[in-house]
Structure formats: C-alpha cells, structure tokens
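A.B. asks: What follows is a structure written as structure tokens; I'll ask about it next.
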Amino acid sequence: WKDVGEISVGLQKTNYRKRVLDPDAPAIKTTDDPLLLNATAAFYASPSLAFYAGYTQGLEESPVAPGVAVNRDDAPPAIRTRQIDGGVRWSITPNIRLVAGVFDVTKPFYSLDAARVFRQLGDVRHRGAEFSLSGQLAPGLTAIAGTALIDAKLSGDAVDTGLVGRKPLASFGRLSTAVLDYRPTFAPAVSVDLVVESTSDRIASTDGKLVIPARAIASVGGRYRFHIGKAPATLRLQLANIGNKFGWANGSSGVYLYNFPRRLTATLTADFG
C-alpha cells in the first residue's frame with residue numbers, strides 16, 4: 001500500500017534429508033518434511049520512519065556430534081526454530097540509516113551432557129535487542145556499526161535436574177562490530193579501513209560457572225584498485241589484531257579455539273573474465 005505500509009504472508013514446504021557416512025559404521029540418516037509459515041508487516045509513519053514486525057518458522061541444519069562425544073558423528077534431527085521480531089527503521093538523513101529492533105528466538109538445544117553424550121538438552125530461548133547504524137558520514141567516509149544484546153536461557157529436564165546451567169554453552173550477552181572505510185575523493189583508487197569487534201563474557205562450561213573473559217580486537221587495512229592489462233584488480237593489505245590480543249572462543253559442541261595473533265596479510269585479486 002503506497003506510502004502506508006506492506007504485508008507479506010508465506011508458506012514453505014521443505015523436504016530435508018541428511019546422511020552421515022563413516023567408513024567404520026552404517027550410514028546415519030535423518031529426514032523431516034515441515035510446512036513453515038512466515039509473515040511480515042511494516043507501517044510507514046513518514047517517508048523516513050517505518051515500524052516493522054515479523055514471525056518466522058525455520059529449519060536449521062543440526063550439528064553432528066563432535067569427535068569428543070560418546071556418540072560421535074551422530075546426526076540429530078533438523079532443528080525447527082521460531083522467531084518473533086519487531087522494530088523501527090529511521091533514515092536520519094538521506095545517507096544515514098538507523099535500525100533498532102527486538103527479537104525472540106526459540107529452538108531446541110543440543111550439546112554434550114555430563115557423560116559426554118551429544119543430545120538435546122532442552123530448549124534455548126534468545127531474547128534481546130539489536131541496533132545498527134550505517135551510512136556515509138562525510139564525503140568518502142562510510143560507517144557501519146551494530147550491537148546485539150542477547151539474553152539466552154535454557155529450559156528443560158537437563159536444567160531442572162542440574163545437569164546444565166541456565167545459560168547455554170558458548171552464549172554471550174553482547175556482540176558489537178564497527179567498520180569505518182575511507183576512500184578519499186582525490187584518490188578514489190585507494191581506501192583505508194578500521195574494523196573493531198567486541199564481545200562480552202562467554203559461557204565456557206555447561207554448568208555456567210566457567211566464563212571466557214570479554215575482549216575487543218581491532219584491525220586496520222587498505223585497498224588499492226588498479227588494472228592488470230584490461231582486467232580490474234585489487235590489492236588488499238590488512239594488519240589484523242593490532243594489539244595482539246589473545247582470547248579463547250568456543251562453540252555449542254564444547255570445542256575450544258583461540259583467535260589468531262597479530263598478523264599481516266596481502267591479497268591480490270583480479271577478474272580476467
């Protein structure tokens with residue numbers, strides 16, 4: 001409806017098949033055939049201000065049981081999800097846009113239990129808010145910044161019996177990212193950029209008592225655009241993790257990784273097509 005709003009309703013029929021092959025064991029198969037609903041609506045309060053809301057049912061790839069699990073390589077059923085969200089989109093200026101919203105996502109939660117069996121430990125609910133600002137702040141200067149505030153909670157028999165804590169493994173309360181890119185008008189072939197990523201404490205054990213401390217990592221880089229013959233090419237240089245900040249990270253499967261130390265990379269790409 002021009003200058004007033006819009007609405008969309010859809011149904012999706014999905015046929016899901018998954019097969020995990022192991023040379024030393026029979027193939028593991030899972031199937032699912034859900035009918036998924038989605039609906040969105042938006043109301044235009046003014047040419048620069050809009051309110052939106054949505055409801056979505058989804059199907060996610062389920063993780064395979066990791067090698068450290070007793071039932072390694074086991075393939076759980078596909079994960080059915082439900083998401084409700086809403087918020088506001090505001091064009092502060094023709095070149096700068098702000099989006100602020102809230103969300104509520106629910107889905108089954110799979111992880112290792114105390115006996116190292118990978119299985120569904122209950123349901124996980126993510127509620128929170130997210131904010132993003134993007135646009136051209138000045139001639140040649142573009143910014144993209146976003147923050148997600150997340151309250152993740154587990155529920156189910158595993159929580160009620162004390163097998164796992166209320167907070168799911170690998171969950172965090174805040175994730176922020178900011179990118180600045182400057183391409184001077186007097187030298188359009190050159191650009192420089194700054195990337196900052198910050199995360200709050202991350203849950204590192206199933207009982208929620210062990211946490212990975214918060215950290216922030218900054219990287220700087222630049223691009224030079226030129227031609228090799230008639231082919232457009234780009235030389236990219238980046239100094240990542242400027243402060244050489246060390247930190248652990250983990251996933252819902254319980255595997256621990258660490259971020260890369262300070263490093264300089266150079267990449268040359270060209271399109272000869």
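The values are calculated or read from the model by the stated rules, or taken from the named source; none is laboratory data. This is a predicted model, so every value here is computed, not measured. Here the Cβ is made from the backbone with ideal geometry for all residues, glycine too, and neighbour counts use every protein chain on show. Keep in mind that these areas ignore ligands, DNA and RNA; they rest on the heavy atoms of the full protein, side chains included. Shrake-Rupley method; radii C 1.70, N 1.55, O 1.52, S 1.80 Å.
A.B. asks: Running a GNM on the chain with Cα contacts under 10 Å, which residue among 108, 76, 26 ends up with the highest mean-square fluctuation?
C.D. replies: Result: 26 has the largest fluctuation of those listed.
A.B. asks: Rounded, prolate or oblate: which fits region 3-145 when a ≥ b ≥ c are the square roots of the eigenvalues of the alpha-carbon gyration tensor, with rounded for a/c under 1.5 and prolate only if a/b beats b/c?
C.D. replies: Values: a/c = 2.86, a/b = 2.09, b/c = 1.37.
Note, shape of region 3-145 comes out prolate.
A.B. asks: Mind grabbing the accessible area of residue 110 for me, 1.4 Å probe, Å², rounded to tens?
C.D. replies: Solvent-accessible area, nearest 10 Å²: 30 Å².
A.B. asks: At a Cα cut-off below 25 Å, give the lysines reachable from residue 209, other chains included and same-chain residues fewer than 8 away excluded.
C.D. replies: The qualifying lysines are 107, 153, 167, 245.
A.B. asks: Under a 10 Å cutoff between Cα atoms, tell me which one of 96, 84, 28 has the largest fluctuation in the Gaussian network model of the chain.
C.D. replies: Top of the fluctuation ranking is 28.
A.B. asks: For a quick size check, give me the Cα extents of the chain along its three principal axes, largest first, whole Å.
C.D. replies: Result, largest extent first: 64, 51, 42 Å.
A.B. asks: Follow-up question, since we're still on this one. Sorted by accessible area (1.4 Å probe), largest first, how do 230, 2 line up? Walk me through the numbers before you get to the answer.
C.D. replies: On the way: 230 195, 2 165 Å².
Result of the area sort, largest leading: 230, 2.
A.B. asks: Treat every Asp and Glu Cβ in the chain as -1 and every Lys and Arg Cβ as +1, leave all other atoms uncharged, and give the resulting dipole magnitude about the Cα centre to the nearest 20 debye.
C.D. replies: Details: 31 positive and 24 negative charges, 127 e Å.
It works out to roughly 620 debye.
A.B. asks: Name the lysines eligible as straight-distance cross-link partners of residue 230: C-alpha to C-alpha under 30 Å, and not fewer than 8 places from it in the same chain.
C.D. replies: Counting by Cα, and skipping residues close in sequence, residue 230 has no lysines nearby.
A.B. asks: Taking the Cβ of residue 60 as the center, what net charge do the other residues with Cβ under 9 Å away carry, scoring Lys and Arg +1 and Asp and Glu -1? Each step should come with its number before you reach the end.
C.D. replies: Details: positive: 80, 107; negative: 61.
Net charge in that neighbourhood comes out at +1.
A.B. asks: Another question, then. Using Cα pairs closer than 8 Å and at least 6 residues apart in sequence, work out the relative contact order for region 57-96, in percent. Working shown, then result.
C.D. replies: Numbers: 37 pairs, mean separation 15.4, N = 40.
Normalised by residue count, the contact order of region 57-96 is 39 percent.
A.B. asks: Tell me the accessible surface of residue 149 in square angstrom (1.4 angstrom probe, heavy atoms of protein chains only), to the nearest ten.
C.D. replies: 80 Å²
A.B. asks: Enter the Cα centre distance for the pair region 91-136 and region 196-247, rounded to the nearest angstrom.
C.D. replies: Centre-to-centre (Cα) distance: 21 Å.
A.B. asks: Evaluate E = 1/(1 + (r/R0)^6) for residue 207 and residue 104, where r is the Cβ-Cβ distance and R0 equals 35 Å; express this FRET efficiency to the nearest 0.05.
C.D. replies: That gives a FRET efficiency of 0.90.
A.B. asks: If I stretch the segment between residue 259 and residue 127 completely, what's the gain in nm (0.36 nm per residue apart, minus their alpha carbon distance), one decimal? Mind dumping the intermediate values first?
C.D. replies: On the way: separation 132, 0.36 × 132 = 47.52 nm, distance 2.70 nm.
Extra length from residue 259 to residue 127 when fully extended: 44.8 nm.
A.B. asks: For region 64-194, what is the charge dipole size about the Cα centre, in debye to the nearest 20, if Lys and Arg each add +1 at the Cβ and Asp and Glu each add -1 at the Cβ? Before the final figure, lay out each step's value.
C.D. replies: Values: 15 positive and 12 negative charges, 25 e Å.
About 120 debye.
A.B. asks: Summing +1 for each Lys or Arg and -1 for each Asp or Glu, what net charge is found among the other residues whose Cβ lies under 13 Å from the Cβ of residue 232? Can you show the working numbers first?
C.D. replies: Working: positive: 223, 225, 230; negative: 271.
In short, +2.
A.B. asks: Oh, and also: Take 265, 30 and sort them by solvent-accessible surface of the protein heavy atoms, 1.4 Å probe, largest at the top. Please report the intermediate quantities before stating the final value.
C.D. replies: Working: 265 60, 30 20 Å².
Accessible-area ranking of 265, 30, largest first: 265, 30.
A.B. asks: Work out, step by step, the length gained on full extension between residue 22 and residue 194: first 0.36 nm times the residue separation, then minus their alpha carbon distance; give nm to one decimal. Spell out each step's value before the answer.
C.D. replies: On the way: separation 172, 0.36 × 172 = 61.92 nm, distance 4.41 nm.
Result: 57.5 nm gained on full extension.
A.B. asks: So how exposed is residue 248, as accessible area in Å² (1.4 Å probe, rounded to 10)?
C.D. replies: Residue 248 has an accessible surface of roughly 120 Å² with all protein chains in place.
A.B. asks: Contact order normalised by length for region 24-85, with contacts defined as Cα pairs under 8 Å and 6 or more residues apart; what percent is it?
C.D. replies: Working: 90 pairs, mean separation 20.4, N = 62.
This gives 33 percent for region 24-85.
A.B. asks: Got the relative contact order for the chain handy, in percent, Cα pairs under 8 Å and 6 or more residues apart? Provide the component values of the computation, followed by the final result.
C.D. replies: Details: 706 pairs, mean separation 27.0, N = 273.
Normalised by residue count, the contact order of the chain is 10 percent.
A.B. asks: Let me ask something else. Rounded to the nearest Å, what's the spacing between the alpha carbon centres of region 42-68 and region 152-172? Just the number, please.
C.D. replies: 23 Å
A.B. asks: Mind checking which of 59, 169, 154 has the largest fluctuation in a GNM of the chain, springs on alpha carbons under 10 Å?
C.D. replies: 59
A.B. asks: How big is the dipole moment of region 158-229 about its Cα centre under a simple scheme where the beta carbon of each Lys and Arg is +1, that of each Asp and Glu is -1, and everything else is neutral? Debye, nearest 20, please. Present the calculation step by step, with values, prior to reporting the outcome.
C.D. replies: Working: 9 positive and 6 negative charges, 17 e Å.
I would put it at about 80 debye.
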